[in-house]
Amino acid sequence: MNESKFAHITKAHPCFNEKMHDKVGRVHLPIAPRCNIQCNFCTREINKCEQRPGVSSRVMTVAEAVTHVAKVIKEMPISVVGVAGPGDALANPETLEFFRIIDKKFPDLIKCMSTNGLLLADMAEEVAEANVSTITVTVNAIDPEIGKKIYSRAIYDGKVYEGEEAFKIISQKQLEGIEKVAKLGVVVKVNSVLVPGLNDDHIPDIAKEVKKRGASLMNIIPLIPLYKMKDYPRPGCEDLSNVRDKVEETIPVFRACTQCRADAYGVPGKDDKHLDMTPASHY
């Protein structure tokens, strides 16, 4: 882990430091609609009302996204520009095209992306060359018996994989990718979705593995019961706290995540907005 770079990032990134969470903002650009895996709790949607990852009012072009960044940074204290969907950042070539432009136009902004990690090992050098500062990789399991219940499909190198075979490829590529980008100087945060009764006892094992691979931080987020996991319970505060405490014995934990939309911008929890939102006065 690059300690000095991590320390610098945490001073200005609202999703890496709870103390900065309500003081500086981020802008998410929904330029990545395609995804290459299927998680059993995930549905990607285009709408204006749901407050969760994988949702955006619309998909932007790269040019529209750059214009949006230029506008937003004049209106509010933005330190981070990120791509977090509504699909997977690395499954869409627009993502790195966008970051290369942003790096030239707004070099002081922290460039951040979220990914499922399937393509991370293959694209690690490109990510680093685009001067991406931070990357969040969602790792929900490292045990195939658990992973095959969370992931149902992966599309990799032109082939479709399903079930346990899909999970093994996903997991291998995630861990290889974390290790590669960390060695290239990118600060890595790992998100794990807490699924009660499935991976709650397993997440501390994930923490040990990703720390060994070079991750700097973890974020344990509650399952939003959707799709094939709609009948699972949503974890309560005590469930989250117990797992976070166990993980924190291994690696620092971020505890203020608001599970943002793919088109969110502003200061999280304080002056939060999203594309095409209806003003509060209209309700």
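Things worth noting here:
- Across the chain, the mean sequence separation of Cα contacts (distance under 8 Å, 6 or more residues apart), normalised by length, yields a relative contact order of 25 percent.
- A cut-off of 5 Å between modelled amide H atoms, ignoring neighbours fewer than 5 places along the same chain, links ALA264 with HIS28.
- Think of the chain as a dipole: +1 on every Lys or Arg Cβ, -1 on every Asp or Glu Cβ, centred on the Cα centre; then among ALA91, MET60, ILE155, MET60 lies furthest on the positive end.
- Note on ASP122 and ALA63: with the Förster distance fixed at 30 Å, the Cβ-Cβ geometry gives a FRET efficiency of about 0.65.
- Label-point gap, in nm, between ALA256 and GLU129 - each point 7 angstrom along Cα→Cβ: 3.6 nm
- The stretch 171-272 shape via C-alpha gyration tensor axes, a/c threshold 1.5: oblate
- Percentage relative contact order, the stretch 56-212, counting C-alpha pairs under 8 Å, at least six apart: 22 percent
- Spin-label model, ASP231 to LYS208: label points 7 Å out along the Cα-to-beta-carbon direction sit 3.3 nm apart.
- Amide H contacts for THR136 (H built 1.01 Å from N in the peptide plane; partners 5 or more residues away or on another chain; cut-off under 5 Å): MET113, SER114, THR115, LYS189.
- The simple spin-label model puts a point 7 Å past each Cα toward its Cβ; for THR43 and GLU145 those points are separated by 3.2 nm.
- Fully extended contour minus Cα-Cα distance, from LYS105 to LYS11, at 0.36 nm per residue: 31.6 nm
- Note on the chain: GNM, Cα springs under 10 Å; of LYS173, LYS228, LYS74, the largest mean-square fluctuation is that of LYS74.
- Fraction in percent of alpha-carbon pairs per bin - 5 Å, the stretch 108-149: 5, 19, 25, 20, 12, 10, 6, 2, 1
- Evaluated at q = 0.11 Å⁻¹, a Debye calculation over the C-alpha positions of the stretch 3-276 (equal weights, vacuum) places log10 I(q)/I(0) at -0.55.
- Electrostatic dipole magnitude of the stretch 134-194 [Cβ: Lys, Arg +1; Asp, Glu -1; Cα centre; debye, to 20]: 200 debye
- Estimated purely from DSSP H runs of n ≥ 4, each contributing -39500 (n - 2.57), the mean residue ellipticity at 222 nm for the chain is -10500 deg cm²/dmol once divided by its residues.
Bear in mind these aren't lab numbers, they're just calculated from the coordinates by the rules spelled out. Everything quoted here is computed from the prediction, not taken from an experiment. Every residue, glycine among them, receives a Cβ derived from its backbone with ideal geometry; neighbour counts consider all protein chains shown.
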